[in-house]
There are 2 protein chains.
Amino acid sequence: MLDRAHFEALDEDDPLAYVAGRFVLPEGIVYLDGNSLGPLPAPVPATTARMVEQQWGEGLIRSWNDNGWWDLARRVGRRIAPLLGAPPDSVIAGDTTSVALYKAVSAARRLVPDRSVILTDRGNFPTDLYVLDSVAEQTGGTLEMVAPAAIEERLADDVAVLALTHVDYRSGRRHPLAELTEAAHGVGALAVWDLSHSVGAMNLDVSDADMAVGCGYKYLNGGPGAPAFTYVNPRHHGKFDNPIHGWWGHADPFAMNLSFRAAEGIGRVQVGTQPIISLAALYAALEVFDDVDPKALRTKSERLVDGFITLVDQQLEGFEVVTPRSPEERGSHVSLSHPQAADIMAALIARGVIGDVRPPDLLRFGLAPAYLRYVDVWDCVDGIRQVMEEEGWKRARARSGPVT
Amino acid sequence: MLDRAHFEALDEDDPLAYVAGRFVLPEGIVYLDGNSLGPLPAPVPATTARMVEQQWGEGLIRSWNDNGWWDLARRVGRRIAPLLGAPPDSVIAGDTTSVALYKAVSAARRLVPDRSVILTDRGNFPTDLYVLDSVAEQTGGTLEMVAPAAIEERLADDVAVLALTHVDYRSGRRHPLAELTEAAHGVGALAVWDLSHSVGAMNLDVSDADMAVGCGYKYLNGGPGAPAFTYVNPRHHGKFDNPIHGWWGHADPFAMNLSFRAAEGIGRVQVGTQPIISLAALYAALEVFDDVDPKALRTKSERLVDGFITLVDQQLEGFEVVTPRSPEERGSHVSLSHPQAADIMAALIARGVIGDVRPPDLLRFGLAPAYLRYVDVWDCVDGIRQVMEEEGWKRARARSGPVT
């Protein structure tokens, strides 16, 4: 049986312990919802204050040049690129993840005009499904959703674009990115990945993928609604046709030409003027990763998840581990199913352990390797155990009845 | 001949003088580029600091509900609505102006499927032209650009959507919004307006217009790249079909349904998770308008521009006033043409008077009524006069030669 001392020992040996010191977390909170909103990195408050009071307040319009606002989206992209295994100028920040996906999948679809199917899986995040359906409708194609395990079987020469989310937002199940990319290429399709639930928690390699998008506010800790990022494989830079032509994607934006001419390279992914304060927060947040090896993040993530699952097996009854037990098949969060998931999570949050629920019956715990301590895993599972044992909780359960 | 005392007297009688006190402007700067980036409203720094350090840092994921992040885009919309003459729940913030225009014009185009032409004028802001062209291409239509004065003549029953920018970003020339909207409706077309260069500097009435978008960072002073806003006339709320379906526009986003069902009302304009820090800055910035009558803004704007043009006539030689002299035909900035526009502006900025240039030969001065003093107009024109007279400037001019 594992005990708290076991996790304390892991913390003492943790080569990433210094990274946790770069985050501001409230006292008495075990924060396991960073897969939804990452916590505050220490460099952010001073950066946003300087951004607002000096760069905007004093520099005014001059800061577009003097303070590098104009290429901030690119500089954010350069900080994200190593986390994706991507070359520096193949990633750029901007827009929301949904709009970024719309742009990437539309552009991918246009690169394979003679086929009609956009293929995805039913477990994809709903907004991705909605976006893919919009693209399919507008480009005279069809969106096909199959079970996650049936993707490879369904790949055939009518598929234009395979569009998947790498790590499932509910179960934590992870698609094999390299294998499915290769399988898509094998039938002449392009592969576009949503990395929202993986980037910042593991090492990635998008060097074969055609395009990828992801979220700035989960494991990248860029703040609520932080701008998304888009990766375009350099082999597509010359042919990426943005479905929304806008001046930020123009080769010469200040020429104010009547007709659009796409910028060279990754710049053509851009459309309009980006929210610079939020972008500056994301840029500052990414600083915490500058000297961190993504492989070390992955190693710690696997150990956190292993410890969590082992403790669930040893300490809890009535909970099913929904997340795959094999590290190769999962991301960095763990989901447990329980018929009273919502009530249990409310009681757990009241004790200072923050995860979240996904209806109907999942409790989700994000085990972010950048800032969590191993003892957080112990404290969480021990907290669940206490919640299940305590008198008040039993009364609440009797009152509210099972969640169906 | 007007003198500085004349402008000082106008300031003493200015019923909006109290509003200027709500902005932070650097000492010694006359800031006439608020039509490009508005200055810092006083409530913003404390709001963004609280937002980052308390709401994000301490509240973490709980702030989506506890601090109202979830409906912040709507609350921003409610603050903008009175400036548009729009009902409270017909305006929502989010995305960039380019993406907002793409959504609005695409949705308008779908409401008139049996026609093919999107009509605009050649003076429209280039990004608007690019966006309109994207929509035309994707919906099997044509973008037609005519001279600004030829719009009404070109309106005919093949026009699906009239899409115009209210105030021309170069000349300051203003389209008659109500008249052209009525003319569009007269031929069965819809009218979509870009109000980026008018909102916050004048009273508006969009009650007949079909849709409108605008920029959060010009006269609304929401900070660099602040999110845009979208107005949809309530008569279209039930039929607005967003070209990008995303979870924020879903009727029940947390049901995580496989298929999209549009939210009731203005919420369906939304797509993905918005940059909350930038949105919070915009919300705080708009507070300065809460007790300000947009008509009073317009009255002051007209007086500022009248004073500016009179002074140019009296004090300067070799400059042509490009902006219409009739208040009914212009917005809130003044453009002067001069062959050495770029050099003159550089010299003026070095003296602390900040405007900008638009190639090939325009000097632009934004006369924002919310925070400018009448003496700023005097100081600007007097600054231009001094620049033209001073020895150093003559040498610079001789060295650099005319700008062609």
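For the segment A:216-226, counting C-beta atoms of other chains within 10 Å of every residue's C-beta and taking the mean gives 5. For the protein assembly as shown, the solvent-accessible area works out to 34 Å² per residue, with a probe of 1.4 Å and every protein chain left in place. Shape call for the stretch A:130-183 from the C-alpha gyration tensor, a ≥ b ≥ c root eigenvalues: rounded (a/c under 1.5), prolate (a/b greater than b/c) or oblate? The shape class here is oblate. The slack between A:Glu287 and A:Glu137, meaning 0.36 nm per residue of separation minus the straight C-alpha distance, is 50.0 nm. The listed peptides A:170-176, B:126-132, ordered by packing as a protection proxy, come out as B:126-132, A:170-176 (highest mean of other Cβ atoms within 10 Å first). Report the label-to-label distance for B:Ala346 and B:Glu328 in nanometres (one decimal), using points 7 Å from each Cα along the Cα→Cβ vector. In this crude label model, B:Ala346 to B:Glu328 measures out at 4.3 nm.
Taking the label point 7 Å along Cα→Cβ, A:Met1 and its counterparts in the other copies are spaced 9.7 nm apart, in ascending order. In this simple spin-label approximation, B:Ala255 and B:Ala9 carry label points 7 Å from Cα along the Cα→Cβ vector, and these lie 6.7 nm apart.
Legend: calculated FRET efficiency, B:Gln315 to B:Val146, from the Cβ-Cβ distance at R0 = 45 Å, rounded to 0.05, equals 0.75. Which residues of the stretch B:253-280 bury at least 30 Å² of accessible area once all protein chains are present, versus their chain alone (1.4 Å probe)? Residues losing area: B:Phe254, B:Met256, B:Leu258, B:Thr273, B:Pro275, B:Ile277, B:Ser278. With label points defined 7 Å past Cα in the direction of Cβ, position B:Ile29 shows copy-to-copy spacings of 3.4 nm, given to one decimal and shortest first. Remark on the stretch A:129-148: accessible area falls by at least 10 square angstrom from chain-alone to full-complex state for A:Leu129, A:Tyr130, A:Val131, A:Ser134, A:Glu137, A:Gln138, A:Met145, probe 1.4 angstrom.
Site pair A:Asp306 and B:Gln54 shows an inter-label distance of 4.4 nm when each label is modelled 7 Å from Cα along Cα→Cβ.
Surface composition of the stretch B:67-211: carbon and sulfur atoms hold 49% of the protein heavy-atom accessible area at a 1.4 Å probe. Projected over every direction and averaged, the convex hull enclosing the alpha-carbon atoms of the stretch B:34-158 yields 10.7 nm².
Protein-only accessible surface at a 1.4 angstrom probe places the residues A:Thr139, B:Thr323 in the order A:Thr139, B:Thr323, largest first. Ellipticity at 222 nm from helices only: DSSP H runs of n ≥ 4 in chain B, each -39500 (n - 2.57), divided by the residue count, give -11000 deg cm²/dmol.
An ellipsoid equivalent to chain A, defined through the eigenvalues of its Cα gyration tensor, has semi-axes of 37, 27, 18 Å when rounded to whole angstrom and sorted largest first. Sorted from nearest, the other copies put their B:Gln54 label points 2.5 nm away, the label point being 7 Å from Cα in the direction of Cβ. Applied to the stretch A:225-236, the Karplus parametrisation 6.51 cos²θ - 1.76 cosθ + 1.60 on θ = phi - 60° returns per-residue 3J(HN,Hα) values of x, 3, x, 7, 10, 10, 10, 10, 4, x, 5, 9 Hz, with x for Gly and Pro.
The values are calculated or read from the model by the stated rules, or taken from the named source; none is laboratory data. No experiment lies behind these values; they were computed from the predicted model shown. A quick note on method: Cβ atoms are made from the backbone with ideal geometry, for glycine too, and the neighbour counts reach across all protein chains shown. Calculation scope for accessible area: heavy atoms of the full protein, side chains included, ligands and nucleic acids excluded. Shrake-Rupley method; radii C 1.70, N 1.55, O 1.52, S 1.80 Å.
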